[in-house]
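Q: Pasting in a structure now, in structure tokens, and then I'll have a few things to ask.
What follows draws every value from the coordinates through simple rules; no lab data is involved. All of these numbers come straight from a predicted model, not from anything done at the bench. Virtual Cβ from ideal backbone geometry, glycine too; neighbours counted across all protein chains shown.
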């Protein structure tokens, strides 16, 4: 299940356009994007703010999956389970222990790290498809576990848990949707910075080396077992924090919210955005939130079929995901400029 | 003891459902080295076509044969049209196309035939064998069909030239091409056969679980589980795995106190993961060793 | 100024004054979603995903509103029915509800489906003061005007139905042993609770066997219920599984008293696949007329419904009770909107919904009436027991009301 990923997917292509290097252009694009993101909620309807918040949350969840699959080559179809664990952690803490919402995020992250790490240990022995099945099993098992009677006093069973969205602190003139949006941006920024840092660090290189050639990596002294399990843990941590944010945004958790369909959606977001690309996850998040709605507009009765057709079209057009495609286009423009 | 026997036999009966599908899954795996997530939906769609043929008046065996032939052709077409153009794309992109195929088939079936449950006839009747409902004649028939398909698949791979060519194409496409094998068409053939086997599986399964577009969703999970625990490289192992999953699930549900009933699937999957941890390529699979 | 101009000025001034001062008798009041020409109604249904069979309900309602519009609308206003898919996933339900309220600006949300899904949006709807009207689930918790005055159920609650069975059992089979096969979710557990509450310990429940919707068959569970020694089975399963259970029971050579829950008693969708002979003797309750039941063949209400289906929803499944359900719910909404007249504020619509008196809808069972009040948010309470004789359902006994509040 190894793929010929270019580990330089992180770097901007070389070349210049209109006198400025591409690197400068991409920096400018990022800054413009950040400005837009910060100003947007003040200009648009609350509902759209809510949707964008969700898209960003999914992007962080996909980032978690990316760390595992894109960077470490371990195939996971089970990230809905970690998202769910994060969400329930936040909900239970807020509902039963009156914990403030911002503390639930590190708690969710920690809980998921532990679960992810523990899951990663035995999963070490499994490769490719077999690992996929094991994670698949986890995703399927999660709703069952959440519904089960022994856990009902905490999870609320099939009825789920209702929680309240926080209001803006310090009396800021923002409504709760807008405040949550900014809070999510802040959290996401931290998570993304962490991911970029990780990718550029020695640890990151070790992780990617394991993906590209585990035997060579271990021959070079990389402790493959440790890194693989750690990556599982970190990946779960990211998705778990996203889950916690998701629970707060939707204000409700129930076992039906975390089925295998979510795992598929995250996976689709990963591939569409670009496996191994950190900025691609943003596109992935936007895709899985908005495209199903678009498909529904096209045809109520065949919404899923339309969605499937769109997926196929996107893959045909961009076999390596959006990030790879954008690089390609930018590279072409640069080349035609010189 | 009576209950135990009952549950084991019931487990064998449901297990034959999983085994049927597991065979199709292994077939595809042998050909392209991935799992086809849309296998269940293809089987479901084929079963609907069989149902429609019978609604239009075709007798059972004609509909059965027609559906198997149609599915074979459809499988080949899907491979050539949908997957050939992206054969150079990374594996994960292929998986997304499987997912897309799943969504399209499910939605289309619901649109054409709606979501109400339909009954589907069985050629084996529903008499009760061994008295007291321990096993129905259809269950026995289904097992027979599964085993027959298994034998055919085995014979095909081991004792025919095309079967050999297919195995070669999957194991080492480069060398196979050099030996004159048309690898592309071998893959398409594999798809066609998997689709046909899936169609037979669907037609066997529908009388028990009733026909509706979501019929195969959960069965697919169990089918995968069975295929993987038996070993994806071993058709016989996959079939055995399917039976095993059925029996384990029923026994867990009945005899593990308190949580057994609610966590049947979890327990079955847990057992599978344990098996895989101990024997990573499945109980009967070949361990593939790659030279570095 | 000339005399006639002077008079005209005075007349004009008087007219203006009259209009300005006139009482609000003919005044129209609107909330977002309503105006002189249309009323926007929001709806969320699972058109995709594991529960897509229920999407039939939404499609029937869309067709019914098309009929109403073709016949002039409600008080001259057309109904704009906006229905979204939530794929049976609560976070999506939340998203679609917010879209309907904040983006599409509907007057109310009607018949949103699914217990967890309605729970997910309940607080939001009540906080925003938008009616969450006639939710499409039988969970008992929707009849709670004290805490959630903007949320109202519609169909008889599962617990009240289960209590009716309990009453029947206590009267006719008090020595029996009950085994329950139930779907392991809110729907199944609600029925189970209702039964146990209704029995109040006076009869033994010897088996409670759950199944998941991810189980391919319930054969194993049925075997377990039989093995418990039960001679009565309470079948709380959705259509597909209920049919499997009916078949399996006969295959096992077992002959218990079989109580079938109302959600799965459709002749066309459940009993036919299960086999009419297998279903002989099964008991259930009904509150609406099953379109496949030959009893109603010549009934004018059935004919009217059938004509509606043929004209406005020809692709619809006339053998499924879901279409009758959707038809009746839509009729209930139209009655409420009619009763609201020109005062189409959300508050008034809710008030009118809570003031339905003896509303008769002809596809409900004969004698059944819809009644609501400020403390009674359960529009349909009456059900009647029925027995399947191998061909059709035979209603017996009186119209009963298993009144249970949330």
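Q: Helix C:321-340 versus the longest principal axis of chain C: what is the Cα-based angle in degrees, 0 to 90, to the nearest 10?
A: Approximately 30 degrees, to the nearest ten.
Q: What percent of all Cα-Cα pairs in chain C falls into each 20 Å bin, going from 0 up to the bin containing the maximum distance?
A: Cα pair-distance distribution for chain C, in percent: 26, 53, 15, 4, 1, 0.
Q: Find the all-direction average of the projected area of the Cα convex hull for the range B:124-178, expressing the result in square nanometres with one decimal place. List each step's numbers first, then the result.
A: On the way: hull surface 20.4 nm².
Hull-based average projected area comes out at 5.1 nm².
Q: Could you compute Rg(Cα) / (2.2 N^0.38 Å) for the range A:254-326, with N its residue count?
A: On the way: Rg = 12.6 Å, N = 73, 2.2 N^0.38 = 11.2 Å.
After normalising by residue count via 2.2 N^0.38 Å, the value is 1.12.
Q: Still on this model: Report the calculated FRET efficiency for residue B:119 and residue A:152 (r = Cβ-Cβ distance, R0 = 35 Å), to the nearest 0.05.
A: On the way: r = 37 Å, r/R0 = 1.04.
E between residue B:119 and residue A:152, to the nearest 0.05, is 0.45.
Q: Pull up the DSSP beta bridges for the protein assembly as shown and report the antiparallel fraction as a percent, rounded to 5. Walk me through the numbers before you get to the answer.
A: Details: 22 of 55 bridges.
Counting DSSP beta bridges with both partners in the protein assembly as shown, the antiparallel share is about 40 percent.
Q: What does the convex hull of the alpha-carbon atoms of the range A:147-251 project to on average, in nm²?
A: Values: hull surface 39.7 nm².
Averaged projected area of the range A:147-251's Cα convex hull equals 9.9 nm².
Q: Quick check: pseudo-label points 7 Å beyond the Cα along Cα→Cβ at residue A:175 and residue B:270, how many nm apart are they?
A: 4.6 nm
Q: On to the next question. Using Cβ contacts closer than 10 Å as the measure, can you line up B:79, A:296 from fewest to most? Kindly include the intermediate steps, with their values, before the conclusion.
A: Values: B:79 25, A:296 21.
Fewest-to-most Cβ neighbours within 10 Å comes out as A:296, B:79.
Q: Could you order peptides B:198-209, C:112-123, C:288-299 by the average number of other Cβ atoms within 10 Å of their residues, highest first?
A: Numbers: B:198-209: 27.6, C:112-123: 25.8, C:288-299: 17.5.
Taking the mean over residues of other Cβ atoms within 10 Å, the ranking is B:198-209, C:112-123, C:288-299.
Q: Just how far, in whole angstrom, is the range B:1-19 from the range A:146-161 if you go by their alpha carbon centroids?
A: 30 Å
Q: Follow-up. Evaluate the distance, in nm, between pseudo-label points positioned 7 Å from the Cα of residue C:174 and of residue A:43 along their respective Cα→Cβ axes.
A: Between residue C:174 and residue A:43, the simple spin-label model gives 7.6 nm.
Q: So, one more: Taking 1 over the mean of 1/r across every pair of different Cα atoms in the protein assembly as shown, what Kirkwood radius in Å do you get? Mind showing how you got there, number by number?
A: Values: mean 1/r = 0.0328 Å⁻¹.
Averaging 1/r across every pair of different Cα atoms and inverting gives 30.5 Å.
Q: For the Cα atoms of chain C, what angle does the longest principal axis make with the long axis of helix C:3-21, in degrees from 0 to 90, nearest 10?
A: 30 degrees
Q: On each of the three principal axes of the Cα atoms of chain B, give max minus min coordinate, whole Å, ordered largest first.
A: Projected onto the principal axes, the Cα atoms of chain B cover 60, 51, 35 Å.
Q: Multiply the residue gap between residue C:147 and residue C:342 by 0.36 nm, knock off their C-alpha separation, and tell me the result in nm, one decimal place.
A: Numbers: separation 195, 0.36 × 195 = 70.20 nm, distance 2.81 nm.
Contour length minus the Cα-Cα distance gives 67.4 nm.
Q: Kirkwood-based Rg over Rh for the range C:223-356 (C-alpha set), two decimals?
A: Values: Rg = 19.3 Å, Rh = 17.3 Å.
Using Cα coordinates only, the ratio equals 1.11.
Q: With the crude spin-label approximation of a point 7 Å out along Cα→Cβ, what separation in nm comes out for residue B:156 versus residue C:104?
A: Calculated label separation equals 4.8 nm.
Q: Could you work out the relative contact order of chain C, using alpha carbon pairs under 8 angstrom and six or more residues apart, expressed as a whole percent?
A: Working: 790 pairs, mean separation 68.1, N = 406.
Answer for chain C is 17 percent.
Q: For a footprinting-style exposure proxy, rank B:261, B:177 by other Cβ within 10 Å, fewest first.
A: Details: B:261 22, B:177 14.
So the ranking, lowest neighbour count to highest, is B:177, B:261.
Q: What is the distance in Å between the Cα centres of the range C:62-118 and the range B:31-95?
A: 37 Å
Q: Let me ask something else. Compute the relative contact order of the range A:57-200 as a whole-number percentage, counting only Cα pairs closer than 8 Å that sit 6 or more residues apart in sequence.
A: Details: 108 pairs, mean separation 38.0, N = 144.
About 26 percent, as a whole number.
Q: So what is the diffusion coefficient of the range C:69-202 in µm² per second by Stokes-Einstein at 10 °C and 1.306 mPa s, using a Kirkwood Rh over Cα pairs? List each step's numbers first, then the result.
A: Working: Rh = 16.9 Å.
Here the translational diffusion coefficient equals 94 µm²/s.
Q: What does the highest-first list of C:362-370, A:165-173 look like by mean Cβ count within 10 Å?
A: Going by the mean number of other Cβ atoms within 10 Å, highest first, we get C:362-370, A:165-173.
Q: Please report, in Å, the Rg and the Dmax of the range A:16-337, where both are computed over Cα atoms only.
A: My reading of the Cα-based Rg and Dmax gives 20.0, 66 Å.
Q: Also, I was wondering about something else. Take the alpha-carbon centre of the range A:75-109, take the same for the range C:323-344, and report the distance between them in whole Å.
A: Comparing the Cα centres of the range A:75-109 and the range C:323-344, I get a distance of 42 Å.
Q: Taking 35 Å as R0, compute the FRET efficiency from the Cβ-Cβ separation of residue C:318 and residue C:355 and round it to 0.05.
A: Details: r = 33 Å, r/R0 = 0.96.
About 0.55, to the nearest 0.05.
Q: Another question about this same structure. Using R₀ = 51 Å, calculate the FRET efficiency as 1/(1 + (r/R₀)^6) where r is the Cβ-Cβ separation of residue B:147 and residue C:29; round to 0.05.
A: Values: r = 73 Å, r/R0 = 1.43.
With R0 = 51 Å, the Cβ-Cβ based efficiency is 0.10.
Q: While we're here: Cα-based Rg of the range C:83-157 per 2.2 N^0.38 Å, rounded to two decimals?
A: On the way: Rg = 11.1 Å, N = 75, 2.2 N^0.38 = 11.3 Å.
Expressed relative to 2.2 N^0.38 Å, the Cα Rg reads 0.98.
Q: Further question on the same structure: Run the Debye formula on the Cα coordinates of the range A:72-130, all scatterers equal and no solvent, and tell me log10 I(q)/I(0) at q = 0.22 1/Å.
A: At q = 0.22 Å⁻¹ the computed log10 ratios are -0.84.
Q: Moving to a separate point now. Give me the percent relative contact order of the range A:16-337, please, defined on Cα pairs under 8 angstrom at least 6 residues apart. Don't skip to the answer; put the middle values down first.
A: On the way: 492 pairs, mean separation 106.7, N = 322.
This gives 33 percent for the range A:16-337.
Q: Any chance you could give the angle, 0 to 90 degrees and rounded to 10, that helix C:115-128 forms with the longest Cα principal axis of chain C?
A: 20 degrees
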